[in-house]
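Single-structure report; data block below.
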Amino acid sequence: MAAKKAKHMTVKEIKEIVSRLTLQEKAYLTTGVGSWETAEFPKKGVPKEWMCDGPHGLRKQANDVHADINDSIDAVSLPAECAIAASWDRELIYEAAKALGKEAQANDVQMVLGPGVNMKRSPLCGRNFEYMSEDPYLAGELGAAYVNGLQSTGVSACVKHFFANSQETDRFTSSSEMDETTERQIYLPAFETVVRKAHPGSIMAAYNKVNGTYMTENKKYLTDILRKEWGFDGMVVSDWGATHNRPGAIEAGCDLTMWQQHETDKDIIKAVKSGKLAESRLDEACVNILRHVFKTLEKHKDVKVDLAENHEIARKLFESSIVLLKNDGNILPLSKKKKVLILGDFAKNPRYQGGGSSHVSTSRATNVVDATKDMPNVSYKQGYGPGPKAIALTDPKFWTTRITPSDYKPDKKLIADAVKAAKQADVVVIFAGLPEALESEGADRVDMRMPDSHNALIEEVAKVNKNVVVVLQNGAPVEMPWIDDVKGILETYLGGEASGEAVRDVLFGDVNPSGRLPETFPFILEDNPSYLFYFGCDDVVKYSEGEFIGYRYYTTKMMPVLFPFGYGLSYTKFDYSDLQINAKGFIGDEKTGGITVSVKVTNTGKKAGREVVQLYIGVNKCALQRPIRELKGFAKTKLLAPGESEVLTFELTSRDFAHWNEEAHAYVHYTGEYEIQIARNAEEIELAAPVDIEGAYPRKTVNNNNPEIN
Ligand code: BGC
């Protein structure tokens with residue numbers, strides 16, 4: 001039944017409605033009906049809303065069944081979050097999320113469950129493909145762009161999974177344990193940015209505990225920080241099945257328990273009657289839910305969407321996301337006159353999305369074999385078979401079966417066929433990466449390897465042809481044992497339904513790649529800073545690497561990596577010049593203004609292209625032990641023709657220079673010598689300007705060993 005547009009309701013009117021509900025009705029309202037709806041009381045003027053996954057497209061289940069996760073209506077599969085983050089493109093993410101919002105409206109959906117802005121703590125997290133970055137600034141900025149785009153249609157976003165939900169192992173029970181500094185520097189800020197810059201209608205409380213308390217019952221974060229400190233005024237929803245104690249959740253600030261849990265309504269009634277739960281708190285939860293319902297229904301429009309149009313939006317965003325990692329001898333772009341052999345099952349059956357609750361059913365997915373069928377010099381061989389299929393998250397076998405890269409056995413005949421054809425080709429393009437069975441919601445990866453069958457194909461083909469390009473489809477970093485034997489690598493992540501034509505256009509140069517890695521690719525898993533502590537023990541996961549996550553660790557430790565955070569090449573060249581800053585320092589306090597920075601970027605190469613300019617604040621001298629450099633700004637140029645320039649401007653706030661202090665329980669400034677660094681990636685700084693900061697810390701009484709500060 002089509003949603004009914006609601007008239008605008010003031011908070012006063014909503015409170016009046018809540019005051020007319022019985023205690024039983026209020027308890028009933030604070031959990032869903034089935035998997036996707038809120039409760040309704042038509043006679044009391046309470047309408048319902050419908051919600052569904054997100055974040056990479058609409059997973060609307062035709063009927064209210066959670067049993068088959070892959071059974072949903074035809075919808076546009078956008079690039080997964082790992083890919084969209086690689087675009088570093090606020091505008092295109094806004095457009096794609098807006099397209100998703102329109103699909104939601106057309107299907108009577110009031111809230112989309114996404115985006116996910118959890119930190120990528122380890123390459124092993126099975127859900128990394130659904131998150132943006134290892135950097136809170138990048139995830140926060142892009143998450144805000146996503147929410148603003150989606151909510152521009154009137155549909156609400158539900159930002160997830162709040163917070164410190166960085167692994168799938170024991171996700172329902174484990175406790176993420178960290179100090180205040182780690183929370184405030186790394187795991188909270190992306191959520192804070194999205195709340196402050198985009199005002200999401202909803203936040204999803206994660207499955208896990210933080211410092212011993214389930215997030216659905218964690219008042220410190222749901223109420224004190226989220227609502228009181230950041231000013232969140234939407235509805236807090238539990239992850240599906242994450243509530244263990246309904247009255248406790250209401251008390252902590254978790255308004256709505258999803259999915260349906262009416263068997264525990266009685267617990268709320270009992271808690272109110274016994275005085276353990278204040279009825280006023282229950283009323284507030286009901287008001288938060290109904291404000292959300294009315295606000296989204298008020299903006300409901302009967303719209304029609306053109307899925308072909310949204311396919312083009314998905315394609316544009318994906319094109320902006322593809323990262324060129326290696327291009328020796330300018331092997332790319334390929335000439336259409338050369339004999340090009342495409343290899344790999346992924347070329348024909350691309351892995352364009354992740355597994356689990358974000359799975360979208362689309363009828364429009366393209367592949368590169370079809371997309372090149374009119375090109376007479378291009379041929380295809382399979383090279384490896386599909387291997388073990390992913391088991392759906394809703395199948396009980398999922399929890400007892402572990403598929404590993406070694407389960408993908410090389411097929412000698414397919415490899416021999418591929419090698420034979422490779423001998424005749426000018427260039428070989430091998431599609432490889434991670435099959436869905438190796439990375440999915442619900443399970444972490446066991447290692448960073450690609451399937452044996454993919455690695456074997458690359459290795460054998462590289463022995464007979466020196467012009468090999470690897471196109472990767474994966475949601476998280478992989479080890480590349482064959483890296484020195486191939487000339488080109490494109491990291492395409494999980495590109496959504498427009499995979500085929502977008503990759504073709506990058507390979508043949510119709511599109512110049514402009515994506516940048518939103519995460520570090522270490523050489524081996526053991527290099528990752530969380531390596532010793534990831535997964536945890538006895539349901540306790542210590543975040544002992546603290547704020548030294550991702551590039552914050554590698555750059556501070558000066559540790560070589562396979563590809564640094566922010567890395568990506570282009571078919572053209574860009575020169576940076578004219579770094580201007582309007583202040584050389586400041587005395588830090590709450591009211592201090594920021595610093596404006598500008599830089600000129602010029603395309604000095606022969607092809608039109610886009611550049612991502614990254615601004616890091618570097619720490620040259622400061623008493624605090626902290627990462628030597630942190631991302632605090634980025635901008636992507638327009639398409640610059642050869643010779644063309646663009647001046648990019650960045651506004652830094654005083655908070656950008658601050659660091660959390662556990663004594664003050666606040667962001668404070670530490671006296672020191674800092675640097676504004678304009679960089680191509682976390683390791684390549686092109687221009688820098690010093691900034692001196694005089695802050696309240698370290699306090700003179702602090703006994704540290706730095707004679708210049710004491
Ligand atoms: C996932 C959420 C998802 C929800 C509804 C949960 O298992 O963690 O991300 O939105 O299911 O499908």
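The values are calculated or read from the model by the stated rules, or taken from the named source; none is laboratory data. This one's a predicted model, so the numbers in the text were calculated from it and none came from an experiment. Cβ sites come from the backbone with ideal geometry, for glycine too, and all protein chains shown count toward neighbours. Quick note on the areas: whole protein, heavy atoms, side chains included, nothing else; ligands and nucleic acids left out. Shrake-Rupley method; radii C 1.70, N 1.55, O 1.52, S 1.80 Å.
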Exercise. Of the residues that make up the range 383-390, is at least one assigned by TED's automatic domain parsing to the domain that holds residue 441, open to solvent by 40 Å² or more (accessible area, probe 1.4 Å) and not in a loop (DSSP other than H, G, I, E, B)?
Worked result: no
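Quickly run through the range 396-427 and pick out the residues that are of a type in the set (D, E, K, R) and either surrounded by 14 or more Cβ atoms within 10 Å (Cβ to Cβ) or in a strand (DSSP E or B) (or both).
407, 409, 411, 417, 426
Picking from 496, 500, which residue would you name as being open to solvent by less than 10 Å² (accessible area, probe 1.4 Å), of a type outside the set (Ser, Thr, Tyr) and assigned to a helix (DSSP H, G or I)? Spell out the reasoning first.
Details: 496 fails: assigned to a helix (DSSP H, G or I).
Just one listed residue meets the conditions, 500.
Being closer than 20 Å to residue 49 by Cα and open to solvent by 10 Å² or more (accessible area, probe 1.4 Å) narrows it down to one residue among 236, 293, 303, 272; which is it?
Values: 236 fails: open to solvent by 10 Å² or more (accessible area, probe 1.4 Å); 293 fails: open to solvent by 10 Å² or more (accessible area, probe 1.4 Å); 272 fails: closer than 20 Å to residue 49 by Cα.
None of the others qualify; the one that does is 303.
When you go through 23, 92 one by one, which is the residue that is touching a Leu at 6+ places or on another chain (Cβ under 6 Å), away from the ligand (no atom under 16 Å from the Cβ), open to solvent by 10 Å² or more (accessible area, probe 1.4 Å) and not acidic (Asp, Glu)? Quick ask: steps written out before the conclusion?
Working: 23 fails: touching a Leu at 6+ places or on another chain (Cβ under 6 Å).
Result of the check over 23, 92: 92.
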Exercise. What about residue 507, is it open to solvent by less than 20 Å² (accessible area, probe 1.4 Å) and modelled with pLDDT of 95 or more?
Worked result: yes
Seminar exercise, completed: Only one of (1) among the polar types (S, T, N, Q); (2) buried (at least 21 other Cβ atoms within 10 Å of the Cβ); (3) more than 16 Å from the ligand (Cβ to nearest atom) does not apply to residue 440, and that is (3)
Exercise. How many residues does the range 543-570 hold that are in contact with a helix residue (DSSP H, G or I) (Cβ under 6 Å, 6 or more places away or on another chain), aliphatic (A, V, I, L, M) and within 25 Å of residue 326 (Cβ to Cβ)?
Worked result: 1
For this session: Provide a single number: the residues in the range 672-688 that are among the aliphatic types (A, V, I, L, M), more than 20 Å from residue 554 (Cβ to Cβ) and in contact with a Pro (Cβ under 9 Å, 6 or more places away or on another chain).
Result: 1
For this session: Would you check if there is a residue in the range 176-189 being touching a helix residue (DSSP H, G or I) at 6+ places or on another chain (Cβ under 9 Å), within 14 Å of the ligand (Cβ to nearest atom) and either basic (Lys, Arg) or part of a strand (DSSP E or B) (or both)?
Result: no
Exercise. Within the range 400-410, is there a residue that is of a type outside the set (Lys, Arg), within 16 Å of the ligand (Cβ to nearest atom) and modelled with pLDDT under 95?
Worked result: no
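From the list 48, 98, 15, which one is open to solvent by 10 Å² or more (accessible area, probe 1.4 Å), in contact (Cβ under 8 Å) with a residue 60 or more places away in the chain and either assigned by TED's automatic domain parsing to the domain that holds residue 149 or part of a loop (DSSP other than H, G, I, E, B) (or both)? Steps first, answer last, please.
Working: 98 fails: in contact (Cβ under 8 Å) with a residue 60 or more places away in the chain; 15 fails: either assigned by TED's automatic domain parsing to the domain that holds residue 149 or part of a loop (DSSP other than H, G, I, E, B) (or both).
Step by step, each of 48, 98, 15 is checked, and only 48 is open to solvent by 10 Å² or more (accessible area, probe 1.4 Å), in contact (Cβ under 8 Å) with a residue 60 or more places away in the chain and either assigned by TED's automatic domain parsing to the domain that holds residue 149 or part of a loop (DSSP other than H, G, I, E, B) (or both).
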Seminar exercise, completed: Counting only residues that are closer than 19 Å to residue 105 by Cα, open to solvent by less than 10 Å² (accessible area, probe 1.4 Å) and either part of a loop (DSSP other than H, G, I, E, B) or within 16 Å of the ligand (Cβ to nearest atom) (or both), the range 121-153 contains a total of 3
